[in-house]
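Just so it is clear, none of the values below were taken in a lab; they were calculated from the coordinates. What you are looking at is a predicted structure, and each value in this text was computed from that prediction instead of being measured. Quick reminder, even Gly has a Cβ in these numbers, built from the backbone with ideal geometry, and neighbours come from all protein chains shown.
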Amino acid sequence: MQEDVRICILRVGGTNCDAETKRAFDDAGAKAEIVHLNEAVEKGNLSDYNAIVIPGGFSYGDHVRAGAIWAKEVMAKLGSELLKLAEEGRPVLGICNGFQVLVEAGLLPGFKGVSKYPEAALATNVPIGYYCGWVHVRHVNSGRCIFTQKIPKGKMLRMPVAHAEGRFIFSKENEEALLEQLRDNDQLVFVFCSENGGPAGGKYPANPNGSFYDIAGLCNAEGTIFGLMPHPERAYYRWQQPDWTQTDAASPYGDGRLVFESMVEYLKAK
């Protein structure tokens, strides 16, 4: 039953992808609710939900850094509740601005749980500027990430990005060691790739923001917290694709649906 899985989609001023995200979850078989952060604080009912989602947008105008203000606010006002849910293994998903929030809040990469300070950053794009367009990503996770369990390893997907600060970076002196940890823990999920599936190699436009190791999405060590820069909710239906009239009409869905399906099926199986 749809009512068996309840998804809380948090929003604040500047969020602009909440409605599309709700539509995707509803179609995938969950019951999604859009909840303003102030309402969630007032009601104190996050535990009523099976999963928490922070959608895309430009929270608080991306002042200071993208996601920074919202991250501090959500951890100050809902931190204890959110951490409790995360410890219980309830999924937490961050899309674009949501990914930025999860990194700023210390929830990702999450090598050893929640970090007091950010362990990484989503920095200004290289080339500098806002990039909005369709990209290709390759799924590189071996099964730890619960959000991509319906996606075969190595499969290439096409989804859009729309951001000015999506360049995933570690501190320069530690980046290779931390990359090795991501590999060892099976935390790498999506990497940007070329149209034919080959490595982007950090080169624009296959890698639209200059992310280290072409990282487009990663999960925590438990696989229950996931952040990605591409927008799966904007690639949920086939007709959302720019060339949809030329694609196979046998399926009404796009590649983004696999993310929502994976998460909902995981929750229904629990």
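Check each of the chymotrypsin sites (Phe, Trp or Tyr not before Pro) in the range 37-78 and keep only those in coil by DSSP with at most 15 other C-beta atoms within 10 angstrom; list them in order. Please report the intermediate quantities before stating the final value.
Values: sites: 49, 58, 60, 70; in loops: 49, 58.
Passing sites in the range 37-78 do not exist.
Roughly what % of Cα-Cα distances in the range 105-155 sit above 12 Å, to the whole percent? It would help to have the intermediate numbers written out before the result.
Details: 953 of 1275 pairs.
Beyond 12 Å sits 75 percent of the P(r) for the range 105-155.
Determine which residues of the range 71-96 fall in the zone a paramagnetic label at residue 265 would reach in this model, i.e. backbone nitrogen under 18 Å from the point 7 Å along Cα→Cβ.
Residues passing the 18 Å test: 91.
Anything over 28 Å Cα to Cα? Flag those among 77/150; 43/72; 22/72; 84/155, in the order listed. Show your work: numbers first, answer last.
Details: 77/150 34 Å; 43/72 19 Å; 22/72 24 Å; 84/155 33 Å.
Over 28 Å apart, Cα to Cα: 77/150; 84/155.
Determine the calculated [θ] at 222 nm for the chain from helices alone, applying -39500 (n - 2.57) to every DSSP H run no shorter than 4 residues and normalising by the residue count; nearest 500 deg cm²/dmol.
It lands at -8000 deg cm²/dmol.
Starting from the Cα of residue 270, draw a straight line to each of the aspartates and glutamates and keep only those under 17 Å, dropping any in the same chain fewer than 8 residues away.
The qualifying aspartates and glutamates are 3, 4, 48, 87, 88, 222, 261.
I'd like the Kirkwood hydrodynamic radius of the chain, using the inverse of the mean 1/r over distinct C-alpha pairs, in Å.
Values: mean 1/r = 0.0549 Å⁻¹.
Computed over the chain, the radius equals 18.2 Å.
Treat the count of other C-beta atoms within 10 Å as a stand-in for reagent exposure and order 43, 268 from fewest to most. Show your work: numbers first, answer last.
On the way: 43 10, 268 13.
So the residues, fewest neighbours to most, are 43, 268.
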